[in-house]
Amino acid sequence: MCLIVFAWRPGHAQPLVVAANRDEFYARPSLPLAQWPEAPQVYAGRDLEAGGTWLGIGAAGRFAALTNIRNPHQPPALRSRGELVARFLSGEIPVDDYLADVVGRSVEYAGFNLLLGTSTELWHYNTLEPEPTLLAAGIYGLSNAGLDSPWPKVLKAKAALSEVLDDPQPQALLALLNDPQIVPFAELPDTGVGLATESLLSSVFIASPSYGTRASTALIVNADGSRHMVERSFGPYGGHLGEVEVRV
């Protein structure tokens, strides 16, 4: 994932509301949101190159999502970051124990942000920080830097999320993710990838011939534990490939 905005509201009728875009090269093979045959409690897309995933839900209210940290100078990784989401969703290890293991092995992966949660707690871990953080109630945004880094698309998507929280619906969440507006050069962050690439990556929804938003996902978790998840898939230039809806 390259953009996740979410509201964590313990005690609310919808304690977790998530809107997320996965940005990736179109040539990287993947499967859309589905129930995993070998782990029927997991509902997620799947990266067919490395076998992991970027966002999904599992048994006992489990939720996990991932973004990379943009750093063109970091060394090659030994392992795929997507396995961190897949292992949590398919397992039963308590969140704090799982995070302790992740922190101990974080050097095996390129930089990442990891969100892990259950029905009662939500955690964030960024590999540039010493320890994971247990999140308090609030509205958050995450792209390819730290949590709530004030990148223009993060601020815009958080504001749009706050406007639909009175009655969150998947189609409204997907609509806020479908914003292709490029940010003016003067407002772009400098992450070391050059002005042209910064500009391409600055929009909430990214579209180009080779790289862009591959999936937009809306997730609404209800207080009774039921979950409603909708994912739209896209190809080159943002062409719509299909939509999957899951209620569990």
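Taking each residue of region 82-97 that is under 13 Å from ALA59 (Cβ atoms) and among the charged types (D, E, K, R) and looking for partners that are at pLDDT below 95 and surrounded by fewer than 19 Cβ atoms within 10 Å (Cβ to Cβ) with beta-carbon atoms closer than 8 Å, six or more apart or interchain, yields GLU92/ALA60.
Of all the numbered requirements in (1) farther than 19 Å from ASN71 by Cα; (2) among the aliphatic types (A, V, I, L, M); (3) in a loop (DSSP other than H, G, I, E, B); (4) open to solvent by 70 Å² or more (accessible area, probe 1.4 Å), ALA136 misses one, and that requirement is (4). If the condition is being hydroxyl-bearing (Ser, Thr, Tyr) and surrounded by 18 or more Cβ atoms within 10 Å (Cβ to Cβ), then region 109-118 contributes only TYR109.
To keep it simple, each residue is scored yes or no on (1) closer than 24 Å to ASN222 by Cβ; (2) open to solvent by less than 10 Å² (accessible area, probe 1.4 Å); (3) in contact (Cβ under 8 Å) with a residue 60 or more places away in the chain.
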residue: ASP101; (1), (2), (3): no, no, no
residue: THR120; (1), (2), (3): yes, no, yes
residue: TYR125; (1), (2), (3): no, yes, no
residue: PRO132; (1), (2), (3): no, no, no
residue: LEU147; (1), (2), (3): no, no, no
residue: TRP151; (1), (2), (3): no, no, no
residue: GLU163; (1), (2), (3): yes, no, no
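Among the residues making up region 61-97, a single one is farther than 23 Å from LEU219 by Cβ and either in a helix (DSSP H, G or I) or within 13 Å of the chain's Cα centre (by Cα) (or both): ASP97. For region 36-48, the candidate set comprises residues that are closer than 17 Å to SER226 by Cβ and within 18 Å of the chain's Cα centre (by Cα); within that set, the residue that is most open to solvent (accessible area, probe 1.4 Å) is TYR43. For region 165-180, does any single residue satisfy the condition of being loosely packed, with under 15 Cβ neighbours inside 10 Å, farther than 25 Å from ARG247 by Cα and modelled with pLDDT of 95 or more? Yes: region 165-180 contains one or more residues that are loosely packed, with under 15 Cβ neighbours inside 10 Å, farther than 25 Å from ARG247 by Cα and modelled with pLDDT of 95 or more.
Taken together, the residues in region 86-99 that are open to solvent by 20 Å² or more (accessible area, probe 1.4 Å) and farther than 18 Å from ARG46 by Cα amount to 5.
Checked against the criterion of being surrounded by 18 or more Cβ atoms within 10 Å (Cβ to Cβ) and of a type in the set (Val, Ile, Thr), region 183-191 contains one or more residues that satisfy it.
The values are calculated or read from the model by the stated rules, or taken from the named source; none is laboratory data. Remember, predicted model here, so these are calculated numbers, not experimental data. Note that each Cβ is placed from the backbone with ideal geometry, even for glycine, and that neighbours are counted across all protein chains shown. Keep in mind that these areas ignore ligands, DNA and RNA; they rest on the heavy atoms of the full protein, side chains included. Shrake-Rupley method; radii C 1.70, N 1.55, O 1.52, S 1.80 Å.
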